[in-house]
1. Could you state how much accessible area GLU117 has, in square angstrom rounded to the nearest 10, with a 1.4 Å probe and all protein chains kept in place?
2. Label segment 305-356 by shape, choosing from rounded, prolate and oblate, from the square roots a ≥ b ≥ c of the eigenvalues of the Cα gyration tensor; if a/c is under 1.5 it is rounded, and otherwise prolate applies when a/b is larger than b/c, oblate when it is not.
3. Taking the Cα centre of each part, how many Å lie between segment 263-282 and segment 2-37?
4. Excluding ligands and nucleic acids, what accessible area in Å² is computed for LYS373 using a 1.4 Å probe, to the nearest 10?
5. Relative to the longest principal axis of the C-alpha atoms of the chain, give the angle of the C-alpha long axis of helix 352-368, reported between 0 and 90° and rounded to the nearest 10°.
6. Per residue, how large is the accessible surface of the chain? Use a 1.4 angstrom probe and give square angstrom.
7. Would you kindly derive the ³J(HN,Hα) couplings of segment 331-344 from the backbone phi angles with the Karplus curve 6.51 cos²θ - 1.76 cosθ + 1.60 (θ = phi - 60°), listing them in order in whole Hz, with x for Gly and Pro?
8. Per residue, what volume in Å³ does the Cα convex hull of segment 224-366 take up?
Amino acid sequence: MTPQNVAVIGAGAAGLVAARELRREGHKVVVFERENKVGGTWVYNPSTESDPLGLDPTRVVIHSSLYASLRTNLPREAMGFRDYPFVAKNGAQRDPRRFPGHVEVLEYLNDFETEFELGELVRFGVEVRRVRLEGGKWKIRSRMSVGEELDEVYDEVYDAVVVCNGHYTEPRIAEIPGIETWPGLQIHSHNYRIPEPFQGQVVILIGSSASAVDICRDIAGVAKEVHIASRSVTDGTIEKLPGHDNMWLHSMIESAHGDGIVVFGDGSAVCADVILHCTGYKYNFPFLDTNGTVTVDDNRVGPLFKHVFPPLFAPFLSFVGLPWKVVPFPLCELQSKWIAGVLSGRVSLPSSDEMMADVEAFYRTLDASGIPKRYTHNIGDSQFEYNDWLASECGCPPSEEWRKEMYSAASKNRKVRPETYRDEWDDEDLAAQAHEDFRRFSKGNRNLSQ
């Protein structure tokens, strides 16, 4: 096996587990993290950006998109890394609930960093400015602030780069005819933190994602009215949400007008104060210069073999954590194992031509199914099949059956109990199986090779 000198960009969950797997495989690892702590998107920041829509390129970017009330929408047993269970712990800052708040997730990632001594690999407060292939090696230019008006710039060379910079920072905004004359406030959920600023207002929320479901209920407690515009409503009906006297579900917005009126596709109209876009994010790699080889086209990052390797640069450029509508931590763990094994030569890849043919066949399948490019990395329905393929490539066991069943049970419970699913569930048997499985990874008995 051949050790490589590897740069990891980002010290969130993906970057931390990538660093661990790369070091386990014998590689020399440096992690670049622009913030002063690990955790990535799980580091709550009460500050918001100067542009509430997040479109101004000159704005100071706030990395995190967390809102204060956020709790996980998956049980902790299913969320954790495969060999480092996300179990409740005692402590003043700890949250023992099965669906804990965001502070607990960050504490878990801090525990993970400490357990595997990853902090020594991380360069904090260092921003990667450019990544470019020169002479068969990857040249990385980074910047570290050393004073209010003084930066130090470094140029270094690495054998390989693993991109783990997350994808919850660059907002996607809904296109609304007439919005340029509409006088109200527009904001993206990236800049939502607490409901109090919406006291007594009429709010239109666009979207039906997990964050949209949370935020609309958060705001409904203080707002005069909340109107949800969702593509899931296609029959033209207006529906009041059960349990809420001031929240309605509409079809998508048809137009906005200079008098403050917003018209929905169902024919209804409201005079609104705020339009809140819970419309997702764009993949963004402003530092990556591949001379057009790797592009982001309508949120399709490509071409990528199995969402990880650009065929022309494989295995020396890779991405971790791009798929969405997934259980992210175990997926990132398996992607990282695969990358580490391929870089050392222990695991083989197909040829560049074979990988490109696989990518093109995948794109043809999406096109034939009528799936837009922006859903290329949505693998929610096939995530465990994908994870098990990765595990097979790495020589690891497939996903635990309890984890698959727990994910399915949690998804069904969210639909049946949208208001209370985090505190009421019927999968105690699966939780018991998980905790029995976790005994293998107790202190002094952790199987670090799995």
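1. Surface accessible to solvent at GLU117 totals approximately 110 Å².
2. oblate
3. Going from one Cα centre to the other spans 41 Å.
4. 80 Å²
5. That works out to roughly 20 degrees.
6. 45 Å²
7. 5, 4, 4, 6, 4, 5, 4, 5, 4, 4, x, 5, 5, 7
8. So the per-residue Cα hull volume is 183 Å³.
The values are calculated or read from the model by the stated rules, or taken from the named source; none is laboratory data. Fair warning: this is a prediction, and the values are worked out from it, not measured in the lab. All Cβ positions, glycine included, derive from the backbone under ideal geometry; neighbour counts span all protein chains shown. To get the accessible areas, we keep the full protein, side chains included, count just its heavy atoms, and leave off ligands, DNA and RNA. Shrake-Rupley method; radii C 1.70, N 1.55, O 1.52, S 1.80 Å.
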